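These notes are about the structure you will find just below.
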Amino acid sequence: MLWILDNIFNKLCSKLTDFMFLNIVDNPLEKGCRSPNRHFVNKTENNKLKYFKMKFYCLSNDPVHACYVLSFKELMIMLDCGLVMETVLNFLPLPLVQSSKFSTCSNWNHPKLNDGELKKAGNNIFIDSSPEFQPPLAKIIDFSEIDVILISNYMNMLALPYITEKTNFKGIVYATEPTLQIARFFLEELVEYIDTTPKPNQASKWKEFSEFHNLNNLNLELHPLKWKKLFTLDEVHKSLSRVQIAGFDQKIDVFGALEVKPVSSGYCLGSANFVLSTGLEKICYISGSSTLTTQAKPINQNALKNSDVIIMSGLTQAPHINPDAILGDLCLNVVLTLRNNGTVLIPCYPSGVIYDLFEILSQKLDDSGLSTIPMYFISPVAEHSLAYSNILAEWLSSTKQNKVYIPDEPFPHANLVKNNRLKFFKHIYSEGFSAEFRQPCVIFCGHPSLRFGDIAHLIEQYGSNSNHTIIFTEPDFPFLQALAPYHPLNMKVVYCPIETSLNFQQANKLIKDLKTEVLVIPKVYTNPPNIAPNRDDLVIDRQIAKQIITFKCGDCIKLPLKRKKNQVFVDPDVALSVIPQEVMNGVKLAPLSGILDVKDNVYNIRSVDMNCIEGVPKQLLNSLFKKQVSYEYGTMNQMDIDMFLNKLKQEGITDIKTSQTNENDGILTTKIKLINEDISIDISDKGTHIHCGEGKQNLRIKIRDALLSCLNKF
Amino acid sequence: MPDIKVTCLGAGQDVGRSCILLSMGGKNIMLDCGMHMGFNDERRFPDFSYVALEGPLTTYIDCVIISHFHLDHCGALPYMTEIVGYTGPIYMTHPTKAIAPILLEDMRKVAVERKGESNFFTTQMIKDCMKKVTAVTLHQSVMVDNDMEIKAYYAGHVLGAAMFWIRVGNQSVVYTGDYNMTPDRHLGAAMIDKCKPDLLITESTYATTIRDSKRCRETDFLKKVHECVAKGGKVLIPVFALGRAQELCILLETYWERMNLKYPIYFALGLTEKANNYYKMFITWTNQKIRKTFVQRNMFDFKHIKPFDRGYIDNPGSMVVFATPGMLHAGLSLQIFKKWAPNENNMVIMPGYCVQGTVGHKILGGAKKIEFENRQVVEVKMAVEYMSFSAHADAKGIMQLIANCEPRNVLLVHGEAAKMEFLKDKIREEFKIDCFSPANGETCVIRTPLRIPIECSLNLIKKELKAYNAQPPDPKRRRYFNGILAMKDGKLILMDLPEVWKEFNGINRHVIKFSSLIKLETASTNFQIVEEIHSLIKDRLSAWEVKIVDGQSIIIESVVVKLNEENADKNLCVSWESQDEDLGRYILGLLQTIS
């Protein structure tokens, strides 16, 4: 890298020969958008100690719908803002129209609670109220102190309105463009489902008694008092308007202290992992990731290599299922049902895996001679979701991306819509649906929890006939509990969870390849999953990182990131004033001094302009800046002392008495006394002490110079 | 200080054939690789022999960056990669990568099939060339190699147009390509952050123009078109297939709709639908409004605009025709022009800049007769209108961009020499920074400051921070910083002195300490003496931290003034270490004067 073109720089480099291979890199922190002005001084004052420590808080009990907070270098960074929705399975479904099943189900009376808050449906007990969700834990940290929220994918953004609109959060939210848009679809759909089926009564008494907290044997750790009703559409829009768009590999400057870079995680459209780095430390947050390449841009593993700390969550929710066979299973069941004149229901989210399902199923139907069978996609955001997916070329896998250059739509569903194979409607009661609707067919419809959305009506409609089939593809909800209130059912139930995120085997391999010092994972990843307690292979291998730290919901842990160094910049004229001395083989030392400028956490040392200093005696200017100082090193052995005495002699100092003692704490000391002068010199391994009476300064300087010539210094 | 060198192979005090060589930090970067529309000989391509007299360029050029798909910015790329020879990295945005090959193919056809030129690249060469291209997204930071990083910003000029920030080591440059600082009907305005590059290379097509408001120009355009067709005339609008054409189509479409007009509008290009498809697919690159409404209504589905057929040229009655290419230098637009020019009822509207040598340039200059290669002479009786719809930044926009990104130097390209001169003065005056405008073949050397990054022990920083925070807040206070710079294994670390002895076991410090006694003859109490000395030293040495320890010692750096009491005699022992010689001597002298 010989790009040293200029004389001065040459001079500098020849002086500091060791520099020659020095890689002069720019401080990446200097780049990118400056964040809004903040009062660093105040923050520094308050958090003097925080600056040098890294803490990690876990605010969610679900590693897939995660929410963590990292405090580091005066910053509070929230990683993801996932919404735990499993709670809604405790509630009675909200059918679109008066349902004979759910409006007539009997009260379940308990000695402690008998006023109709609880109802029996099927064989289980449900709460008769508007469903509630579990947002990130409050009261562990002060949300107003959060500086930045980083969203890794749209599934992990659904609790955002709780934070931005219902707390005094003042920071910035970063997400990729697809994440923002698709999260908007999810949120708008969710709010519309709840809003179209209002419940007059709000049950709350059941929360007081722990025996009602987990009626359906769910994996819920948190107290229902922490559950919340859903936000409004207005809050969704306000919340999303706070999100700033970030692209893959875009370096985002966070108050000069940190550089954040979203890198592709391969899991879904726009999904990202985050690399947080200062000039010297690197922390990676690995959220939902996938090594498969179906739609999204492939995972960028290189960017995650050699980190100090990796935080990993969002692994597969169906670890015990062999994913290879699933798609075949699914297609087979669809074809069988359709051949039987039955209709297939597929509960789904409005984006994601369904794009693949449209593609795969349409092919499968063609191959099976069922090309005339229509597919319906029912969602309030169906049209937007389909249209939007086809303008995201930059975020797609290369196969899909290359189609755009033709130009062709990257996803085939645009063609399916054009050819009337795939039809979309906002609702099953939307205009035109009944006219267009033909059976048998395949219906994609939300919500996968089966507690709200048009699917609730469709299950009631098709549930009694064994010709029909319902296929569960979303692994977010346990399907047995989801179906529980609809019993008795005759329709076929098939569980084909399509899970693209990393399984344990892939995760172990990934981490091994990435070589990290510290791995931080949820505690549940160190034990076999509840569904398959004997599968010892479904855990994160203890050996893959030098140190593994686990956490659970509500934990605050210290991360062992020992910052020892920081990057500073030195102006060339300061560097030029440096005179390095070789003190050991390959080690050169030199005192360096200057004026420190700290701006946006970037440290810069510039030279001192001596003329501008006032209020300092002239002869002390050098002293103030420690300019031209030097430090002596080495020991004075007998030979050196003899040399020193010789030198003194040359200066005319001859009347000397030498003695050796070890009276000072046993340290061997040579005492030299100038007999007629009030001066004595103590020389030991540690140093030399010159005692000198009044008015002997000239003599002292002579002695000093003689001594300095016998010692090494830098 | 290290330099940045810029040499224009094209676009130096000139518009057309943009090709700028940039050297910094030992890397050579080619910015754009365009062709000149005004020439038919070898001058249309940049003079690659400047880079290497013969043979491939790969060893001499580290990367090529293409700002947008206009041929004067990418037209020579296949020639360079396939005929001259270059296999290194090429970067452009996704839309540019999608659209550029179409325009290149279009031009190739005109040049080879219509003009019968040889020594031109082939269709296969365009394909091979595009295979070498790496597509980038906006704001993505791409590491070209360990030292070089590039990042694209939105430029707004045409779909996919980008400005590029390029960093090598500590030096950085922004190359704007062509850009537009005011949003138009389908694109947004250029945007850049305060990236403070060492050098900003900006286009300056409209260096002296401050364009009137967009709306006025649009009304003007519509009025002229309407008047012409109303009296039975034919309107020819030469355009390039993608870019301005789409904006003017949107404009006419909405006007026709609003005024309920029935005159036919034709878009003379098989590409129309394809072109609009690109716009639809890359809708994320268009402006907010189009992006928001694209699901309900695709702005690029035109009701009134129909494909053109060559046979329509001689049709009677009024019509509006969009035809390519935009500068009337070849192809269908020229063919139509030849037919329509002699009729004074007709009109040609040139919506963009025309480079020298093209028919467009000639008629804009007022030429009434055009002579062609085959001795054919065409009389120009039709009305010739120039409407500046080229989406370039005007003088105000250029100044705004400079203000936004705060460069240390500015270099003007892609403009006319006289206009550049004017803008140069303005930039120097307003921003107090240096400004250059090299001619083609001339090399500009720009000096840049250097900052050396080193690692610094956190202890040292903590110590300084503690001392700084202990003082009363004063924003003007200087923060003195010192430590020991250690060089080992090619690494630089700034350490605190005690750390040096710990880190390097082989060496021990040898402290040289001096002590002197001063006898005191005073009746004051110990407390008074210490206080008095303390305030005296503090007063004289306000820049230092002066501490009292144990009620009997005063400490400034390594200087210790200690009050001793022996048999009712009081004395001061002043001691210091050799590095504080000046300070120690000063304090000793100070105390001697008062004793």
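The values are calculated or read from the model by the stated rules, or taken from the named source; none is laboratory data. These numbers were taken from a predicted model, which means no experiment stands behind them. For neighbour counting, all protein chains shown are included, and Cβ atoms are generated from backbone atoms with ideal geometry for every residue, glycine included. Only protein heavy atoms, including side chains, enter the accessible area calculation; ligands, DNA and RNA are left aside. Shrake-Rupley method; radii C 1.70, N 1.55, O 1.52, S 1.80 Å.
Points worth noting:
- Per the Debye calculation on segment B:345-421 with a single equal scatterer at every Cα and no solvent contribution, log₁₀ I(q)/I(0) for q = 0.13, 0.18, 0.19 Å⁻¹ amounts to -0.58, -0.86, -0.91.
- Each listed q (0.04, 0.07 Å⁻¹) maps to a log10 I(q)/I(0) for the protein assembly as shown, found by the Debye formula over equal Cα scatterers with no solvent: -0.34, -0.89.
- Rolling a 1.4 Å probe across the protein heavy atoms gives the protein assembly as shown an accessible surface of 40 Å² per residue.
- Per residue, the average separation of C-alpha pairs within less than 8 Å and at least 6 apart gives segment B:175-243 a relative contact order of 23 percent.
- Projected-area average for segment A:458-610 over all orientations - Cα convex hull basis, square nanometres: 18.3 nm²
- Dipole moment magnitude, nearest 20 debye, segment B:214-386 about Cα centre, only Lys, Arg, Asp, Glu C-beta charged: 380 debye
- Counting only the Cα atoms, segment B:110-182 fills a convex hull of 148 Å³ per residue.
- Computed about its Cα centre, the charge dipole of the protein assembly as shown is approximately 1500 debye, with only Lys, Arg, Asp and Glu carrying charge at their Cβ.
- Farthest toward the positive end of the dipole of the protein assembly as shown, out of A:361, B:91, B:201, is the Cα of A:361, where the dipole comes from beta carbon charges about the Cα centre.
- Legend: distances between Cα atoms for A:170/A:599; A:166/A:226; A:53/A:523; A:618/A:673; B:5/B:488; pairs beyond 24 Å are A:618/A:673; B:5/B:488.
- GluC sites (Glu not before Pro) within segment B:370-404: DSSP coil, no more than 14 neighbouring Cβ in 10 Å: B:373
- 0 to 90° range, to nearest 10: angle between helix A:177-196 axis and chain A longest Cα axis: 40 degrees
- Alpha-carbon centroids, segment A:286-350 and segment B:518-568: separation in whole Å: 76 Å
- Centre-to-centre, using Cα atoms only, segment B:357-396 and segment B:142-213 are separated by 30 Å.
- Average beta carbon contacts from partner chains per residue of B:280-286, 10 Å cutoff: 6
- Taking label points 7 Å from Cα along the Cα-to-Cβ direction, residue B:400 and residue B:442 give a separation of 3.0 nm.
- Here's the picture: charge each Lys and Arg Cβ at +1 and each Asp and Glu Cβ at -1 in segment A:632-713, and of A:635, A:652, A:703 the one pushed furthest to the positive end of that dipole is A:652.
- Projecting label points 7 angstrom from Cα along Cα→Cβ for residue B:54 and residue A:573 puts them 5.2 nm apart.
- Packing-based ranking, highest mean first, of A:580-587, A:123-130 given that Cβ atoms within 10 Å are counted: A:123-130, A:580-587
- Cα-based radius of gyration of segment A:405-455 once divided by 2.2 N^0.38 Å, which approximates compact folds: 1.41
- For segment B:455-503, the relative contact order is 44 percent, taking Cα pairs closer than 8 Å that sit 6 or more residues apart in sequence and dividing their mean separation by the residue count.
- Filter on B:97/B:419; B:234/B:303; B:131/B:419; A:238/B:396; A:657/B:502; A:546/B:491 - keep pairs with C-alpha separation over 29 Å: B:97/B:419; B:131/B:419; A:238/B:396; A:657/B:502
- Taken over the Cα atoms of segment A:632-713, the convex hull encloses 90 Å³ per residue.
- Solution diffusion estimate, µm²/s, Stokes-Einstein, segment B:1-135, Kirkwood Rh from C-alpha pairs, 20 °C, viscosity 1.002 mPa s: 144 µm²/s
- Partner aspartates and glutamates whose Cα lies under 15 Å from the Cα of residue A:686, excluding those fewer than 8 positions away in the same chain, are identified as A:632, A:640, A:663, A:665, B:577.
- Pairwise FRET efficiency - residue B:315 versus residue B:425, Cβ, R0 = 60 Å, nearest 0.05: 0.70
- Ranked by the mean number of other Cβ atoms within 10 Å per residue, highest first, peptides A:254-260, A:533-539 order as A:254-260, A:533-539.
- Pairwise Cα distances in chain A exceed 34 Å in 59 percent of cases.
- Long-range tail of P(r) for chain B (Cα pairs > 34 Å, %): 54 percent
- The calculated 222 nm mean residue ellipticity attributable to helices in chain B amounts to -8500 deg cm²/dmol, summing -39500 (n - 2.57) over DSSP H runs of n ≥ 4 and dividing by all residues.
- Equivalent ellipsoid semi-axes - Cα gyration tensor, segment B:214-386, angstrom: 28, 18, 15
- Taking Cα centre as origin and charging only the Cβ of basic (Lys, Arg, +1) and acidic (Asp, Glu, -1) residues, the dipole magnitude of chain B rounds to 2260 debye.
- Across peptide A:575-582, the average count of Cβ atoms from other chains found within 10 Å of a residue's Cβ is 2.
- Chains A and B together bury roughly 10000 Å² of accessible surface, counting both sides and using a 1.4 Å probe on protein heavy atoms.
- Extended-chain gain in nm, criterion 0.36 nm per residue less alpha-carbon gap, residue A:467 and residue A:201: 92.1 nm
- Shielding by other protein chains, B:542-551, mean Cβ within 10 Å: 2
- Peptides ranked, highest mean first, by Cβ atoms within 10 Å: ranges A:638-650, B:169-181: B:169-181, A:638-650
- Each principal axis of the Cα cloud of segment A:208-252 was taken in turn, and the coordinate range along them, longest first, works out to 49, 28, 15 Å.
- Here segment A:481-514 is scanned for amide nitrogen atoms under 17 Å from the site 7 Å beyond the Cα of residue A:557 along Cα-to-Cβ, giving A:508, A:511-512.
- Separation of the residue B:539 and residue B:119 label points, Cα + 7 Å toward Cβ, nm: 8.9 nm
- For chain A, calculated [θ]222 nm from helices alone, where every DSSP H run of n ≥ 4 adds -39500 (n - 2.57): -7000 deg cm²/dmol
- Heavy-atom surface analysis with a 1.4 Å probe gives the protein assembly as shown a carbon and sulfur content of 48 percent of its accessible area.
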